[in-house]
Amino acid sequence: LWTAKNIIADSIDRVREQVGEDQVILGLSGGVDSSVVAALLHQAIGDKLICVFVDTGLLRLNEGDQVMAMFAENMGVHVIRVNAAERYYIALKGVTDPEAKRKIIGNLFVEIFDEESNKLTNAKWLAQGTIYPDVIESAGSKTGKAHVIKSHHNVGGLPEDMKLGLVEPLRELFKDEVRTIGVELGLPEKMVYRHPFPGPGLGVRILGEVKEEYADLLRQADNIFMEELHKHDLYHKTSQAFAVFLPVKSVGVMGDGRRYDWVIALRAVETIDFMTARWARLPYDFLELMSLRIINEVDGISRVTYDISGKPPATIEWE
Ligand code: XMP
């Protein structure tokens, strides 16, 4: 019977059988799939699981600390945090093309992950949060959308020099099953049912060149948007919602003064499959509150716009 408990028990048995006494490495992103794998493998093999969490500087507000709090502090999972923000900002300096940015972000992730895994000389296995739709997607060779580790290492096999076996306990599961077992494993619902977040993170939500200053402003605006969506019970009425940083300056007034500052766009969509999407009809009063809070609280933002483009013709992300 496919109950969450049975799937977990069965996966634990299989993982133990597969890896024996060996160490296993996992790239923990903070997303649902890798988080569920971490929780599952921690139950199965405890300290033999070593997670590598790369803070790219392109994560949401406090996300790095939250991942460490949940896994390292609360659950006692062994997590190596790599603070790589500076490396990312340097690598992205002067780069404006969206696909070039995605490549740089993805390649740097693999590079850093490889550096860390090379230090773990006892590790024999690489765990991944590959789920069933990824297996199908890779078979159709639609690349670039799956999380970088997945698209680089899964299904098609590992690079020759990375002599690690693969552990993919979610390979036969659909997303809703992954969420169900995540909750059963004790992960907070708030994280298990979070909106999807792209692998390149804020790197594709800062239009054009990525700068730390822009990322900091975007994080604050995005956090206000998320906070209010939750507070107004709108978060789960949208499928994906986020702020986008537009590197354009616009004039505003503040008290007696004139200001000339950056623009934030808010995006919220309703969709079933993310292939097509409708912009979310958020209440006007809610949108007004968003513009007031973001402009008043985020120093450097003078204007907020709401994206009313459907997919198609627009995509969900702006890049
Ligand atoms: P678009 O923008 O193509 O997005 O309408 C559809 C879904 O895919 C996500 N997305 C990405 N996810 N790496 C990812 O892991 C990417 O490069 C990427 N680009 C878009 C997007 O957030 C939405 O859920």
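Tell me, which residue of segment 88-127 that is within 19 Å of the chain's Cα centre (by Cα) and more than 16 Å from the ligand (Cβ to nearest atom) is farthest from residue 11 (Cα to Cα)?
Result: 89.
Please work out which one of (1) at pLDDT below 95; (2) of a type in the set (A, V, I, L, M); (3) part of a helix (DSSP H, G or I) is the condition residue 1 fails and give its number.
(3)
I'd like to verify a number: residues in segment 252-285 that are among the aromatic types (Phe, Trp, Tyr) and either touching an Asp or Glu at 6+ places or on another chain (Cβ under 7 Å) or within 25 Å of residue 175 (Cβ to Cβ) (or both), how many?
Of the residues in that region, 2 qualify.
Does any residue of segment 248-264 turn out to be in contact with a Leu (Cβ under 7 Å, 6 or more places away or on another chain) and assigned to a loop (DSSP other than H, G, I, E, B)?
no
Restricting to segment 223-274, name every residue that is of a type in the set (Asp, Glu), more than 13 Å from the ligand (Cβ to nearest atom) and surrounded by 13 or more Cβ atoms within 10 Å (Cβ to Cβ).
Once the filter is applied, which keeps residues that are of a type in the set (Asp, Glu), more than 13 Å from the ligand (Cβ to nearest atom) and surrounded by 13 or more Cβ atoms within 10 Å (Cβ to Cβ), segment 223-274 yields 227, 228, 261.
Out of segment 255-281, which residues are more than 18 Å from residue 221 (Cα to Cα) and among the aliphatic types (A, V, I, L, M)?
Scanning segment 255-281 gives 272, 275, 277, 280.
Of these, 104, 45, 80, 25, which one is among the aliphatic types (A, V, I, L, M), over 30 Å from residue 5 (Cα atoms) and modelled with pLDDT of 95 or more?
Only one candidate passes the filter, namely 104.
Does residue 63 meet the test of being more than 12 Å from the chain's Cα centre (by Cα) and at pLDDT 95 or above?
So residue 63 fails the test.
Looking at 111, 116, 86, which is the one that is more than 24 Å from residue 38 (Cβ to Cβ) and modelled with pLDDT of 95 or more?
Every option except 86 fails the conditions.
Restricting to segment 275-299, name every residue that is touching a Ser or Thr at 6+ places or on another chain (Cβ under 7 Å) and more than 16 Å from the ligand (Cβ to nearest atom).
295
Is at least one residue of segment 300-307 under 19 Å from residue 219 (Cα atoms), within 12 Å of the ligand (Cβ to nearest atom) and part of a loop (DSSP other than H, G, I, E, B)?
Quick first cut of segment 300-307, residues under 19 Å from residue 219 (Cα atoms) only: 300-307.
Within this subset, residues satisfying the condition of being within 12 Å of the ligand (Cβ to nearest atom) are 307.
Narrowing the set further to residues that are part of a loop (DSSP other than H, G, I, E, B) leaves 307.
Scanning segment 300-307, I find at least one residue that is under 19 Å from residue 219 (Cα atoms), within 12 Å of the ligand (Cβ to nearest atom) and part of a loop (DSSP other than H, G, I, E, B), so the answer is yes.
What's the number of the only condition in (1) without any contact (Cβ under 8 Å) to a residue 12 or more places away in the chain; (2) under 30 Å from residue 175 (Cβ atoms) that residue 292 fails to meet?
(2)
The values are calculated or read from the model by the stated rules, or taken from the named source; none is laboratory data. Everything numeric in this text was worked out from a predicted model, so none of it was measured. Because the Cβ atoms are built from the backbone with ideal geometry, glycine has one as well, and the counts that use them run over all protein chains shown.
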